Amino acid sequence: MPDARVLFRATRGWRIAAALVGLVATVAAQKVWEAEGRSDVLREEVASLRTRLGDKREVIARQRQEMALVAGAVDRLARTTAAVGERTAQARRLAHMEDGRVETPVLVKATATFDGGMSVVSEDAGHALEELAWLEGQAAATGDSFTVLAALLKERDTEASRGVPSLWPVRGLVTSPFGARVSPYGEGRENHPGIDISAGYGLPVMAPANGRVIFAGRDPGYGSVIIVDHGGSLDTLYCHLSALFVREGQLVSRGQAIGAVGATGRATGAHLHYEVRVNGAPVDPRHYLTTEIERRQIARR
């Protein structure tokens, strides 16, 4: 009997062991089957992604070809714009206007990427965007220059002078006289077509005589500028203004505030650039302005 009990226990142990082995084998087979199923799904997804990636590469290649054509067109337009800019600069020099060059805006590149680190924006696209930013600035500057030049060259009234511009447009020290001077931008000697009067930012600028506003707007070099026609082919210019109080076509009176001192355009600080022109040619404004003694006498009246 003891031997039978021992044999029964041994047999039961083997049965349990066999059952456990069978269970483990079943679980393992299930896991292998599931893994193979997932592998098939992954292989299908990988194949799909490769197909899509191939399509994307074809699209990008086509877009880069098109962008290369656009970049070529932009290059040709840039050369044409540069030539127009040179002619505009020559016209400004012939009209005795200060340099109207503008700084090229800085373009911050934002390159988009997708899987694999492939750039969506090509070098041709970035170059074209930079040139377009430059073209935008040059086109605006050229348009402004032509507008001011047209106002200066427009045929004037032949009527008698409405008044001599003898009143100082703003009180301050003359920091740069009329005529030859050293360029404040380190570009050697140049001809200064007016006088620079140092004054606080925002101070009112007065009309020195009666007249009619023939221009009130922007210029790449002069910034915000006003031109007043005083009749008899005599004009006055007020440049680098921070504000314009008048509009084109408006009649102004001697002593009327027409703008405010500023530092717009090519200016190293707040001041008024003031010009007097006869038949379109700049003359020294001091020939018309009253002296300090005369100003005091006028103030006491």
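The values are calculated or read from the model by the stated rules, or taken from the named source; none is laboratory data. Just so you know, these numbers come straight off a predicted model, no measurement behind them. Counting neighbours? That spans all protein chains shown, and the Cβs are built from the backbone with ideal geometry, glycine included. Side chains included, ligands, DNA and RNA excluded: accessible areas come from the protein's heavy atoms. Shrake-Rupley method; radii C 1.70, N 1.55, O 1.52, S 1.80 Å.
Run down Asp235, Asp229, Asp219 and say which single residue is of a type in the set (Asp, Glu) and either open to solvent by 10 Å² or more (accessible area, probe 1.4 Å) or within 25 Å of the chain's Cα centre (by Cα) (or both).
Values: Asp235 fails: either open to solvent by 10 Å² or more (accessible area, probe 1.4 Å) or within 25 Å of the chain's Cα centre (by Cα) (or both); Asp229 fails: either open to solvent by 10 Å² or more (accessible area, probe 1.4 Å) or within 25 Å of the chain's Cα centre (by Cα) (or both).
Matching residue, one of Asp235, Asp229, Asp219: Asp219.
Before we move on, is Asn210 in contact (Cβ under 8 Å) with a residue 40 or more places away in the chain and within 14 Å of Leu167 (Cα to Cα)? In short, yes. Residues in the range 155-208 that are of a type outside the set (Val, Ile, Thr), open to solvent by 60 Å² or more (accessible area, probe 1.4 Å) and at pLDDT 90 or above: Arg171, Leu173, Pro177, Phe178, Tyr201, Leu203. Residues to consider are Gln256, Gln297; find the one that is surrounded by fewer than 21 Cβ atoms within 10 Å (Cβ to Cβ), modelled with pLDDT of 95 or more and over 16 Å from Ile197 (Cβ atoms). From the options Gln256, Gln297, the qualifying one is Gln256.
When restricted to residues that are in contact with a His (Cβ under 9 Å, 6 or more places away or on another chain) and open to solvent by 40 Å² or more (accessible area, probe 1.4 Å), the range 50-78 contains 1.
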